[in-house]
1. I need a count of the residues in the range 18-59 that are at pLDDT below 90, of a type in the set (D, E, K, R) and not in a helix (DSSP H, G or I).
2. Scan the range 1-17 for residues that are surrounded by 13 or more Cβ atoms within 10 Å (Cβ to Cβ), among the β-branched types (Val, Ile, Thr) and either part of a loop (DSSP other than H, G, I, E, B) or more than 9 Å from the chain's Cα centre (by Cα) (or both) and report the count.
Amino acid sequence: MKFIVSTSTPDGPLSYQTASPEIALERARSLAETWRQDVTIQGMNGRVYDLDAFDTCFVRSGSAEALPSA
């Protein structure tokens, strides 16, 4: 999966492409903290998420907790 993390800076727009939802969320949080601007994450289907919605849909979905332990 590919995700595009975007924000606006005083110098113009800034975007990064990441390969996992965890990395995308980490990068987005870092950008939000650094630039104090709105940050969005776009999924490969074109849907745009804010940080909270993305975290809920992709990172904290609970699917990893549902797997049986070895």
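The values are calculated or read from the model by the stated rules, or taken from the named source; none is laboratory data. Treat the numbers as computed from the prediction; the structure is a model and nothing was measured. Heads up, the Cβs are rebuilt from the backbone with ideal geometry, glycines too, and the neighbour counts pull from every protein chain shown.
1. Matching residues across the range 18-59 total 3.
2. Matching residues across the range 1-17 total 1.
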